[in-house]
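The values are calculated or read from the model by the stated rules, or taken from the named source; none is laboratory data. Being a predicted model, the structure only gives us computed values, none of them experimental. No Cβ is skipped: glycine too gets one built from the backbone with ideal geometry, and neighbour counts run over all protein chains shown. Surface areas here come from the heavy atoms of the whole protein model, side chains and all, with no ligands, DNA or RNA. Shrake-Rupley method; radii C 1.70, N 1.55, O 1.52, S 1.80 Å.
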Amino acid sequence: MSATAEFELPADVTTEGSECNKTSSMLKLNFGGHTWSVSFTSDGAKYQADSVTFSYNLSDKTTFPGAASNETLSLTVKPEINDVTEGTCYSCKSRDTIVSELVNQTLWNVLMQAFVVNGSKSEAITSCAADLPVTTVAPTTHTPTTGPAPTTPTPTLPTPTTGKYIIKPDENSTACLLANFGLRIGLKLGEKYQEMNLDPNPNKTAASGQCGVNSSDLVLVSDTMAITLTFTNDTKKFRLHALNITGKTSSGVAFSEVNTNLSLWEAAVGASYMCNKEQNYTITNQLTLFTFDLRVQPFGVKAGVFSTAEECQSDAESFLVPIAVGVALLVLILIVLMAYFIGRKRNMATGYESF
(Lines give C-alpha, C1' and ligand atoms only; values in the text may rest on other atoms or scores of the structure.)
Protein backbone atom coordinates (compact mmCIF):
# COMPACT_ATOMS: atom_id res chain seq x y z
CA MET A 1 0.00 0.00 0.00
CA SER A 2 1.29 3.48 -0.77
CA ALA A 3 0.45 6.92 0.59
CA THR A 4 1.32 10.53 -0.14
CA ALA A 5 2.96 12.92 2.29
CA GLU A 6 2.86 16.69 1.80
CA PHE A 7 4.75 19.09 3.99
CA GLU A 8 6.33 22.52 3.97
CA LEU A 9 9.82 23.61 4.84
CA PRO A 10 9.50 24.81 8.46
CA ALA A 11 10.71 28.16 9.74
CA ASP A 12 13.12 26.67 12.30
CA VAL A 13 15.68 25.17 9.91
CA THR A 14 19.41 25.18 10.57
CA THR A 15 22.15 25.77 8.01
CA GLU A 16 24.84 23.54 9.51
CA GLY A 17 26.90 22.01 6.71
CA SER A 18 26.49 24.95 4.33
CA GLU A 19 29.65 26.06 2.51
CA CYS A 20 30.83 29.28 0.88
CA ASN A 21 33.86 29.38 -1.39
CA LYS A 22 35.04 31.66 -4.19
CA THR A 23 33.79 29.50 -7.07
CA SER A 24 31.41 27.10 -5.36
CA SER A 25 28.91 27.24 -2.53
CA MET A 26 26.19 25.12 -0.98
CA LEU A 27 23.15 26.01 1.07
CA LYS A 28 22.11 23.13 3.32
CA LEU A 29 18.88 23.29 5.31
CA ASN A 30 18.34 20.78 8.13
CA PHE A 31 14.93 20.10 9.63
CA GLY A 32 13.28 17.19 11.45
CA GLY A 33 15.94 14.67 10.47
CA HIS A 34 15.71 15.68 6.79
CA THR A 35 18.04 17.84 4.67
CA TRP A 36 17.51 19.98 1.57
CA SER A 37 20.51 21.48 -0.18
CA VAL A 38 21.31 23.43 -3.35
CA SER A 39 24.82 23.66 -4.82
CA PHE A 40 26.12 26.57 -6.90
CA THR A 41 29.16 27.21 -9.07
CA SER A 42 30.54 30.47 -10.48
CA ASP A 43 32.81 31.30 -13.40
CA GLY A 44 33.46 34.80 -12.05
CA ALA A 45 30.92 36.50 -14.30
CA LYS A 46 27.81 34.38 -13.74
CA TYR A 47 26.68 31.69 -11.33
CA GLN A 48 24.16 28.86 -11.51
CA ALA A 49 22.55 26.16 -9.39
CA ASP A 50 24.01 22.79 -10.39
CA SER A 51 21.88 20.50 -8.24
CA VAL A 52 19.21 20.23 -5.57
CA THR A 53 19.53 17.27 -3.19
CA PHE A 54 16.75 16.21 -0.83
CA SER A 55 17.26 13.51 1.83
CA TYR A 56 14.23 12.35 3.77
CA ASN A 57 14.05 10.05 6.76
CA LEU A 58 11.11 7.63 6.74
CA SER A 59 11.55 7.00 10.47
CA ASP A 60 9.94 10.42 11.01
CA LYS A 61 6.51 9.03 11.85
CA THR A 62 4.98 12.49 12.16
CA THR A 63 5.66 13.19 8.50
CA PHE A 64 5.40 9.58 7.28
CA PRO A 65 2.86 7.89 9.57
CA GLY A 66 2.82 4.11 9.25
CA ALA A 67 5.87 3.94 6.98
CA ALA A 68 7.09 0.35 6.73
CA SER A 69 10.72 1.44 6.25
CA ASN A 70 12.99 3.49 8.48
CA GLU A 71 15.42 4.22 5.65
CA THR A 72 16.82 7.62 4.78
CA LEU A 73 16.36 8.11 1.05
CA SER A 74 17.95 10.74 -1.17
CA LEU A 75 17.48 12.15 -4.65
CA THR A 76 19.29 14.81 -6.70
CA VAL A 77 17.75 16.91 -9.48
CA LYS A 78 18.87 19.77 -11.72
CA PRO A 79 17.00 23.07 -11.16
CA GLU A 80 16.56 25.74 -13.83
CA ILE A 81 18.61 28.47 -12.14
CA ASN A 82 21.16 29.57 -14.73
CA ASP A 83 23.10 32.61 -15.93
CA VAL A 84 22.70 34.68 -12.75
CA THR A 85 24.96 37.71 -12.95
CA GLU A 86 27.69 37.69 -10.31
CA GLY A 87 27.00 40.24 -7.58
CA THR A 88 23.21 40.08 -8.02
CA CYS A 89 20.41 38.27 -6.25
CA TYR A 90 18.41 35.61 -8.08
CA SER A 91 14.68 36.34 -7.83
CA CYS A 92 11.77 34.14 -8.89
CA LYS A 93 8.31 34.97 -7.58
CA SER A 94 6.65 32.52 -9.97
CA ARG A 95 6.05 28.92 -8.97
CA ASP A 96 8.70 26.47 -10.18
CA THR A 97 7.94 22.78 -9.70
CA ILE A 98 10.87 20.38 -9.94
CA VAL A 99 9.35 17.05 -10.93
CA SER A 100 10.99 13.69 -10.24
CA GLU A 101 9.77 10.10 -9.97
CA LEU A 102 8.83 10.07 -6.29
CA VAL A 103 9.18 13.67 -5.13
CA ASN A 104 7.82 16.96 -6.46
CA GLN A 105 9.36 20.14 -5.05
CA THR A 106 7.68 23.51 -5.57
CA LEU A 107 9.54 26.76 -4.94
CA TRP A 108 8.22 30.29 -5.21
CA ASN A 109 8.99 33.78 -3.95
CA VAL A 110 12.69 32.89 -4.02
CA LEU A 111 15.34 35.53 -3.42
CA MET A 112 18.92 34.40 -2.92
CA GLN A 113 22.51 35.35 -3.59
CA ALA A 114 24.95 32.47 -3.72
CA PHE A 115 28.15 34.54 -3.87
CA VAL A 116 27.95 37.57 -1.60
CA VAL A 117 30.26 40.51 -2.27
CA ASN A 118 31.64 42.53 0.68
CA GLY A 119 29.43 40.65 3.13
CA SER A 120 26.15 42.30 2.17
CA LYS A 121 23.20 41.34 0.00
CA SER A 122 23.07 43.04 -3.39
CA GLU A 123 20.16 45.28 -4.34
CA ALA A 124 20.58 44.28 -7.99
CA ILE A 125 18.28 41.52 -9.23
CA THR A 126 18.51 38.81 -11.88
CA SER A 127 14.92 37.61 -12.45
CA CYS A 128 13.86 34.18 -13.68
CA ALA A 129 12.33 33.98 -17.16
CA ALA A 130 8.84 33.33 -15.77
CA ASP A 131 8.86 36.71 -13.98
CA LEU A 132 9.96 38.78 -16.96
CA PRO A 133 7.35 40.82 -18.84
CA VAL A 134 7.32 40.14 -22.55
CA THR A 135 7.55 43.13 -24.87
CA THR A 136 8.03 42.70 -28.58
CA VAL A 137 9.53 45.52 -30.61
CA ALA A 138 8.28 46.41 -34.07
CA PRO A 139 10.88 46.34 -36.86
CA THR A 140 12.78 49.58 -37.31
CA THR A 141 11.57 51.60 -40.28
CA HIS A 142 14.36 53.45 -42.09
CA THR A 143 13.46 56.89 -43.35
CA PRO A 144 15.61 59.28 -45.40
CA THR A 145 16.71 61.37 -42.45
CA THR A 146 20.05 61.93 -40.82
CA GLY A 147 18.85 60.65 -37.45
CA PRO A 148 18.06 57.07 -36.36
CA ALA A 149 14.58 55.78 -37.12
CA PRO A 150 12.24 55.42 -34.13
CA THR A 151 11.06 52.05 -32.80
CA THR A 152 7.62 51.40 -31.37
CA PRO A 153 7.26 48.78 -28.60
CA THR A 154 4.26 46.48 -28.74
CA PRO A 155 2.26 46.30 -25.48
CA THR A 156 2.54 43.17 -23.36
CA LEU A 157 -0.08 40.49 -23.93
CA PRO A 158 -3.54 41.10 -22.48
CA THR A 159 -5.06 38.62 -20.06
CA PRO A 160 -6.29 35.65 -22.13
CA THR A 161 -10.03 35.36 -22.69
CA THR A 162 -11.62 32.54 -20.73
CA GLY A 163 -12.67 29.69 -22.99
CA LYS A 164 -15.50 27.30 -22.16
CA TYR A 165 -14.95 23.79 -23.51
CA ILE A 166 -17.48 20.95 -23.42
CA ILE A 167 -16.77 17.39 -24.51
CA LYS A 168 -19.62 14.95 -25.20
CA PRO A 169 -19.43 11.25 -26.16
CA ASP A 170 -21.79 12.05 -29.04
CA GLU A 171 -24.18 14.79 -30.10
CA ASN A 172 -27.13 13.26 -28.25
CA SER A 173 -25.33 12.83 -24.93
CA THR A 174 -24.68 15.18 -22.05
CA ALA A 175 -21.21 16.51 -21.28
CA CYS A 176 -18.59 14.13 -19.89
CA LEU A 177 -15.79 16.71 -19.59
CA LEU A 178 -16.04 20.41 -18.73
CA ALA A 179 -13.22 22.95 -18.76
CA ASN A 180 -13.16 26.73 -18.39
CA PHE A 181 -9.89 28.66 -18.46
CA GLY A 182 -7.82 31.36 -20.08
CA LEU A 183 -4.48 29.99 -21.23
CA ARG A 184 -1.07 31.41 -22.09
CA ILE A 185 2.17 29.61 -22.82
CA GLY A 186 5.70 30.90 -22.32
CA LEU A 187 8.46 29.48 -24.53
CA LYS A 188 12.20 29.69 -24.08
CA LEU A 189 13.75 29.22 -27.52
CA GLY A 190 17.50 29.58 -27.26
CA GLU A 191 18.21 32.98 -25.74
CA LYS A 192 14.74 34.29 -26.58
CA TYR A 193 11.57 34.06 -24.53
CA GLN A 194 8.10 34.50 -26.02
CA GLU A 195 4.55 34.23 -24.71
CA MET A 196 1.42 33.33 -26.66
CA ASN A 197 -2.26 33.43 -25.69
CA LEU A 198 -4.73 30.76 -26.79
CA ASP A 199 -7.71 32.38 -28.52
CA PRO A 200 -10.83 30.49 -27.35
CA ASN A 201 -13.05 31.89 -30.13
CA PRO A 202 -14.72 28.82 -31.72
CA ASN A 203 -13.79 30.24 -35.13
CA LYS A 204 -10.13 30.22 -34.08
CA THR A 205 -9.86 27.17 -31.80
CA ALA A 206 -11.49 23.75 -32.23
CA ALA A 207 -12.13 21.67 -29.11
CA SER A 208 -12.39 17.89 -29.13
CA GLY A 209 -11.53 14.98 -26.87
CA GLN A 210 -12.63 11.73 -25.35
CA CYS A 211 -13.87 10.53 -21.97
CA GLY A 212 -12.80 7.23 -20.45
CA VAL A 213 -13.19 5.48 -17.13
CA ASN A 214 -9.66 6.24 -15.94
CA SER A 215 -8.36 8.63 -18.61
CA SER A 216 -9.87 11.59 -20.48
CA ASP A 217 -8.41 13.98 -23.06
CA LEU A 218 -9.12 17.57 -24.02
CA VAL A 219 -7.64 18.60 -27.38
CA LEU A 220 -7.51 22.27 -28.42
CA VAL A 221 -6.31 23.18 -31.91
CA SER A 222 -5.84 26.79 -33.10
CA ASP A 223 -3.95 28.27 -36.01
CA THR A 224 -0.88 28.76 -33.78
CA MET A 225 -0.82 25.74 -31.47
CA ALA A 226 -2.28 22.31 -30.71
CA ILE A 227 -2.69 21.32 -27.06
CA THR A 228 -3.60 17.93 -25.61
CA LEU A 229 -4.39 17.73 -21.89
CA THR A 230 -4.65 14.21 -20.49
CA PHE A 231 -6.40 13.64 -17.18
CA THR A 232 -6.23 10.41 -15.17
CA ASN A 233 -7.88 9.18 -11.98
CA ASP A 234 -7.24 6.48 -9.39
CA THR A 235 -10.99 6.14 -8.58
CA LYS A 236 -10.61 8.63 -5.72
CA LYS A 237 -8.83 11.65 -7.17
CA PHE A 238 -8.19 12.99 -10.65
CA ARG A 239 -5.27 15.07 -11.88
CA LEU A 240 -3.73 16.53 -15.02
CA HIS A 241 -1.25 13.79 -15.89
CA ALA A 242 0.18 14.82 -19.27
CA LEU A 243 0.45 17.91 -21.46
CA ASN A 244 1.54 17.98 -25.11
CA ILE A 245 1.89 21.25 -27.03
CA THR A 246 3.07 21.78 -30.61
CA GLY A 247 2.88 24.88 -32.79
CA LYS A 248 4.71 27.82 -34.32
CA THR A 249 5.71 31.17 -32.87
CA SER A 250 4.81 34.48 -34.50
CA SER A 251 8.21 34.38 -36.23
CA GLY A 252 7.48 30.94 -37.69
CA VAL A 253 9.72 28.88 -35.38
CA ALA A 254 8.23 25.43 -34.76
CA PHE A 255 8.14 24.03 -31.22
CA SER A 256 7.04 20.81 -29.53
CA GLU A 257 7.02 20.22 -25.76
CA VAL A 258 5.58 17.34 -23.73
CA ASN A 259 5.49 16.17 -20.11
CA THR A 260 3.80 12.85 -19.30
CA ASN A 261 4.55 12.83 -15.58
CA LEU A 262 2.50 15.71 -14.17
CA SER A 263 0.35 15.80 -11.06
CA LEU A 264 -1.57 19.08 -11.34
CA TRP A 265 -5.16 20.26 -10.76
CA GLU A 266 -5.95 17.44 -8.33
CA ALA A 267 -9.45 17.01 -6.90
CA ALA A 268 -11.81 14.24 -5.86
CA VAL A 269 -13.55 12.30 -8.63
CA GLY A 270 -17.08 13.72 -8.85
CA ALA A 271 -15.89 17.21 -7.89
CA SER A 272 -14.36 19.97 -10.01
CA TYR A 273 -11.01 21.73 -9.57
CA MET A 274 -11.02 25.53 -9.49
CA CYS A 275 -8.31 28.19 -9.35
CA ASN A 276 -9.42 31.72 -10.18
CA LYS A 277 -6.07 33.39 -9.57
CA GLU A 278 -3.39 33.43 -12.23
CA GLN A 279 -1.14 30.38 -11.92
CA ASN A 280 1.98 29.35 -13.76
CA TYR A 281 3.51 25.90 -14.07
CA THR A 282 6.93 24.88 -15.33
CA ILE A 283 6.05 22.00 -17.68
CA THR A 284 9.49 21.53 -19.26
CA ASN A 285 12.74 23.47 -19.28
CA GLN A 286 11.42 25.42 -22.28
CA LEU A 287 7.68 25.59 -21.55
CA THR A 288 5.72 27.46 -18.89
CA LEU A 289 1.92 27.23 -18.71
CA PHE A 290 -0.17 30.13 -17.37
CA THR A 291 -3.83 29.68 -16.44
CA PHE A 292 -6.53 32.22 -15.57
CA ASP A 293 -9.99 31.58 -14.06
CA LEU A 294 -9.42 27.84 -14.23
CA ARG A 295 -12.14 25.26 -13.57
CA VAL A 296 -12.04 21.68 -14.85
CA GLN A 297 -13.97 18.46 -14.34
CA PRO A 298 -12.84 15.57 -16.54
CA PHE A 299 -14.78 12.82 -14.72
CA GLY A 300 -18.16 12.36 -13.04
CA VAL A 301 -19.98 15.25 -14.74
CA LYS A 302 -23.70 15.17 -13.94
CA ALA A 303 -26.45 17.00 -15.83
CA GLY A 304 -23.86 18.85 -17.88
CA VAL A 305 -22.78 21.22 -15.09
CA PHE A 306 -19.76 21.52 -12.81
CA SER A 307 -19.94 19.77 -9.45
CA THR A 308 -18.84 21.40 -6.21
CA ALA A 309 -15.35 22.85 -6.63
CA GLU A 310 -12.21 22.08 -4.69
CA GLU A 311 -10.19 25.31 -4.67
CA CYS A 312 -6.47 25.65 -5.18
CA GLN A 313 -4.34 26.80 -2.27
CA SER A 314 -3.88 30.27 -3.79
CA ASP A 315 -7.64 30.82 -3.74
CA ALA A 316 -8.16 29.34 -0.31
CA GLU A 317 -5.19 30.76 1.53
CA SER A 318 -1.91 32.43 0.65
CA PHE A 319 0.96 32.58 3.06
CA LEU A 320 4.73 32.60 3.06
CA VAL A 321 7.26 31.18 5.46
CA PRO A 322 10.28 33.46 5.86
CA ILE A 323 13.66 31.87 6.39
CA ALA A 324 16.89 33.73 7.15
CA VAL A 325 20.00 31.95 5.91
CA GLY A 326 23.65 32.81 5.48
CA VAL A 327 23.57 33.08 1.69
CA ALA A 328 20.74 35.60 1.66
CA LEU A 329 17.91 33.17 0.91
CA LEU A 330 15.01 35.33 2.07
CA VAL A 331 11.93 33.28 1.26
CA LEU A 332 11.71 29.65 0.18
CA ILE A 333 8.77 27.35 0.53
CA LEU A 334 9.16 23.67 -0.23
CA ILE A 335 6.24 21.36 -0.80
CA VAL A 336 7.11 17.70 -1.10
CA LEU A 337 4.73 15.10 -2.45
CA MET A 338 6.10 11.67 -1.79
CA ALA A 339 4.88 8.11 -2.27
CA TYR A 340 5.98 5.78 0.49
CA PHE A 341 5.00 2.34 1.71
CA ILE A 342 2.63 1.88 4.62
CA GLY A 343 3.28 -1.06 6.94
CA ARG A 344 0.62 -2.67 9.07
CA LYS A 345 1.71 -3.98 12.46
CA ARG A 346 0.82 -7.47 13.70
CA ASN A 347 1.12 -8.12 17.41
CA MET A 348 2.90 -11.41 18.25
CA ALA A 349 4.12 -13.05 21.42
CA THR A 350 7.72 -12.04 20.69
CA GLY A 351 6.99 -8.58 19.37
CA TYR A 352 5.71 -7.39 15.98
CA GLU A 353 6.59 -7.28 12.34
CA SER A 354 5.76 -4.83 9.53
CA PHE A 355 4.83 -5.90 6.04
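A 1.4 Å probe run over the protein chains yields, for segment 158-208, 56 Å² of accessible area per residue, whole-number rounding.
Using a simple spin-label model with pseudo-atoms 7 Å out from Cα toward Cβ, Ile166 and Asn276 lie 2.3 nm apart. With both labels modelled 7 Å from their Cα along Cα-to-Cβ, the Asn118 to Thr174 distance reads 6.9 nm.
If R0 equals 25 Å, the separation of the Cβ atoms of Leu102 and Thr246 corresponds to a calculated FRET efficiency of about 0.30.
Remark: accessible surface ordering of Cys92, Cys20 (largest first) is Cys20, Cys92, probe radius 1.4 Å.
On the basis of the beta-carbon distance and an R0 of 25 Å, Ala303 and Val213 show a calculated FRET efficiency of 0.80.
When you count the other C-beta atoms within 10 angstrom of each residue and take the mean per peptide, 35-47, 263-275 line up highest first as 263-275, 35-47.
The lysines within cross-link reach of Lys188, meaning a Cα-to-Cα straight distance under 23 Å and a gap of 8 or more places when in the same chain, are Lys46, Lys78, Lys93, Lys248.
Of the residues Asp83, Asp131, the one with the largest accessible area comes first in the ranking Asp83, Asp131, computed with a 1.4 Å probe on protein heavy atoms.
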